[in-house]
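This report refers to the structure that appears directly beneath it.
Each value in this text was obtained by applying a stated rule to the coordinates, not by laboratory testing. All values derive from a computational prediction rather than experimental measurement. For neighbour counting, all protein chains shown are included, and Cβ atoms are generated from backbone atoms with ideal geometry for every residue, glycine included.
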Amino acid sequence: MAKTDIRIVNIVVSTSLEHDIPLEKMAATLSNTEYNPEQFPGLVIRIKEPKTSALIFSSGKVVCTGAKTIEEVALSLQKIIKSLQKLNIKIKVTPVLAIQNIVASGSVGMDLNLNTLAMKLDNTEYEPEQFPGLVYKLKAAKATFLLFSNGKIVCTGTKSEEEVHIALEMLVVNLKKVGVK
């Protein structure tokens, strides 16, 4: 099998600041926010560096997306906490991070015949008229892959970098089993 590579492109993390957050005050004070409570109960805050976004709810719950490392998540949360300090909101806890999902992308290093894979692999969905990729649910790894004919892959559903690599190894084993060299 050709050389495989995969790298994390997005980590979705949830946490709680364990403090009520005045979203209207945040939206009125901070320029990098969006808040439309009629449409959605959370406030969106966009952070330039590292490039992330977070949903903040009045309960203090936070969902952060866009980071490529846990360090970037932590830095983003520090910036949110600093923004809240400007509004005289003191966060006294160190937020406990819970990874909800990791998205990774890469390549298996070779072309793939998606029609053949759709027939030979279990747990696939492939409707090329609607989407050019084959969806492959790898239940043993709790991961879902998008496979493309050029060998590019996207992996989602894992909760650690180690799980990403285990899922990729399982994918390669399964591709070899069905005759992809």
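Go ahead and run the numbers for FRET between residue 16 and residue 176, Cβ-Cβ distance against an R0 of 45 Å, rounding to 0.05.
Numbers: r = 44 Å, r/R0 = 0.97.
The calculated FRET efficiency here is 0.55.
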Within a Gaussian network of the chain (alpha carbon springs, distance under 10 Å), most fluctuating of 95, 128, 50: 128
Helix 70-85 axis, angle to the chain major axis (alpha carbon atoms, nearest 10°): 20 degrees
Sequence of 86, 68 once ranked by neighbouring C-beta atoms within 10 Å, starting from the fewest: 86, 68
Listed residues 143, 27, 74, most fluctuating in the chain (Gaussian network, C-alpha, under 10 Å): 27
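Pairs of alpha-carbon atoms within less than 8 angstrom and 6+ residues apart define the contacts here; what relative contact order does segment 35-120 have, in percent?
Details: 58 pairs, mean separation 12.2, N = 86.
So the answer I get is 14 percent.
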Cα→Cβ-extended label distance, 7 Å offset, between residue 122 and residue 9, nm: 2.9 nm
log10 of Debye I(q)/I(0), alpha-carbon scatterers only, for segment 8-112 at 0.14 Å⁻¹: -0.53
Relative contact order (percent, whole number), the chain, Cα cutoff 8 Å, 6+ residue spacing: 24 percent
Helix 161-177 axis, angle to the chain major axis (alpha carbon atoms, nearest 10°): 20 degrees
Segment 151-169 versus segment 55-72: alpha-carbon centroid distance in Å: 21 Å
Most fluctuating residue given options 28, 98, 167, as computed from a GNM of the chain linking Cα atoms under 10 Å: 28
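For residue 72, what is the net charge nearby, where nearby means another residue's Cβ is under 15 Å from its Cβ and Lys, Arg count +1, Asp, Glu -1?
Values: positive: 7, 46, 48, 51, 68, 79; negative: 49, 71, 161.
For residues surrounding residue 72, the net value is +3.
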Calculated log₁₀ intensity ratio I(q)/I(0) where the Debye formula runs over C-alpha points of the chain, q = 0.10, 0.11, 0.17, 0.18 Å⁻¹: -0.51, -0.59, -0.96, -1.02
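Helix-only mean residue ellipticity at 222 nm, the chain, DSSP H runs n ≥ 4 weighted -39,500 (n - 2.57), per residue, nearest 500. What is it?
Numbers: 4 runs with 47 residues, N = 181.
Computed ellipticity for the chain at 222 nm equals -8000 deg cm²/dmol.
For residue 162 and residue 40, FRET efficiency with R0 = 30 Å and r from the beta-carbon atoms, rounded to 0.05? All intermediate terms of the calculation are to be shown ahead of the outcome.
Working: r = 34 Å, r/R0 = 1.12.
Efficiency for this residue pair is about 0.35.
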Charge dipole magnitude, Cβ of K and R +1, D and E -1 - the chain, Cα centre, debye nearest 20: 400 debye
Sorted by Cβ density within 10 Å, fewest first, the residues 26, 119, 170: 119, 170, 26
Label point at residue 97 placed 7 Å out along Cα→Cβ; residues across segment 1-34 whose backbone nitrogen lies under 14 Å: 8-16
Charge sum, other residues only, whose C-beta stays under 11 Å from residue 42's C-beta, Lys/Arg counted +1 and Asp/Glu -1: 0
